[in-house]
1. I need the peptides 121-134, 66-79 ranked by packing, meaning the mean over residues of other C-beta atoms within 10 angstrom, with the highest value on top.
2. Tell me the mean residue ellipticity at 222 nm calculated for the chain from its helices only (DSSP H runs of n ≥ 4, each -39500 (n - 2.57), averaged over every residue, nearest 500).
3. Kirkwood Rh, the stretch 75-171, all Cα pairs: how many Å?
4. Distances over 23 Å make up what percent of all Cα-Cα pairs in the chain?
5. Kindly state, to the nearest 0.05, the FRET efficiency for residue 228 paired with residue 27, given R0 = 51 Å and r defined as their beta-carbon distance.
6. Could you rank the peptides 19-30, 48-59 by their average count of other C-beta atoms within 10 Å per residue, with the highest value first?
7. On a full-extension model of 0.36 nm per residue, what is the gain between residue 71 and residue 92, subtracting their alpha-carbon distance, rounded to one decimal in nm?
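Just so it is clear, none of the values below were taken in a lab; they were calculated from the coordinates. Just so you know, these numbers come straight off a predicted model, no measurement behind them. Using ideal geometry, Cβ is built from the backbone for each residue, glycine included, and neighbour counts are taken over all protein chains shown.
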C-alpha cells in the first residue's frame with residue numbers, strides 16, 4: 001500500500017508525527033507521575049500500548065506510505081488502536097464534562113471541571129482529524145477527506161458547544177442546593193479508597209459557596225448536624241480518609257470557626 005496521504009508535505013507530516021509522539025509521551029508521564037501503574041495496572045498497560053502505537057503510526061506518517069509484508073499488519077493495528085483511543089477519550093471527556101454540569105446542584109462543581117473535559121475532548125477529536133489527514137488511506141481518498149472534514153467539524157463543535165454550555169451554566173454556587181439528608185448520609189457512608197468521597201465533595205461545596213458563612217451556632221448545627229469535635233470556637237466534622245489509594249491515607253476534616261458573637265466566620269478543610 002503506497003497511496004499518498006492527504007497531507008502531501010513531508011514537513012507537515014513530520015510535525016504531526018512529532019506532535020503525536022510528544023503528546024502521548026506527556027500523557028504517559030502524567031499517568032506514571034500519578035502512580036496509576038500501581039493503582040490501575042490495566043490502565044497503565046493501555047497507556048504504554050497506545051504510546052507504542054503512536055510511535056509506529058508516526059513512522060507511517062513521516063514515510064507517507066505503508067510497509068510491505070507482515071509489518072503492514074502491525075502498522076494498521078497501531079493506527080486502529082490510536083483512532084479507537086481518541087474516540088474513547090473524547091467520549092469519556094464529554095461524559096465527564098456533562099457530569100460536572102449536571103452535578104452542580106448537588107455539589108456546586110466548578111465550571112472549570114466541565115471546561116477541562118471539553119478541552120480534552122477537543123484535543124482528542126483534533127488528533128483524530130490529524131491522523132486521518134496524515135495516514136495513507138488506499139482507495140478511499142474521498143472517504144478520507146470526508147472523514148477529516150467531519151472530525152474537524154466535530155472538534156470545533158465540541159469546543160463551541162462546550163464553551164457555550166459552561167458559560168450558560170453560570171456560577172455553580174447559584175445552582176447549589178444544600179441537602180441536609182444527603183450530607184448526613186455521606187458522613188455515615190464508608191470511604192471508597194482512591195476516590196473522592198461524597199462527604200468531601202459536599203464539604204468543598206459548603207466551603208466554596210459559603211453555605212454557613214455568618215450563620216449562628218444553632219443554624220450551623222441544624223444544617224450540618226452535631227460536630228465530631230467541639231473546642232468552643234471551632235466545630236469539626238470528620239469526612240473520613242483521603243489520599244488512600246496506595247495504602248493508609250490522611251484523615252480529612254471540615255472546620256467551622258466562630259467569632260465572639262457566635263457567628264461562623266471561617267470554613268475550611270484540613271488533613272490530619
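1. 121-134, 66-79
2. Calculated mean residue ellipticity at 222 nm is -21000 deg cm²/dmol.
3. One over the average 1/r among Cα pairs gives 14.3 Å for the stretch 75-171.
4. On the way: 23571 of 36856 pairs.
So the pairs more than 23 Å apart make up 64 percent of the total in the chain.
5. Values: r = 40 Å, r/R0 = 0.79.
According to the calculation, E is roughly 0.80.
6. Top to bottom by mean Cβ count within 10 Å: 48-59, 19-30.
7. 4.4 nm
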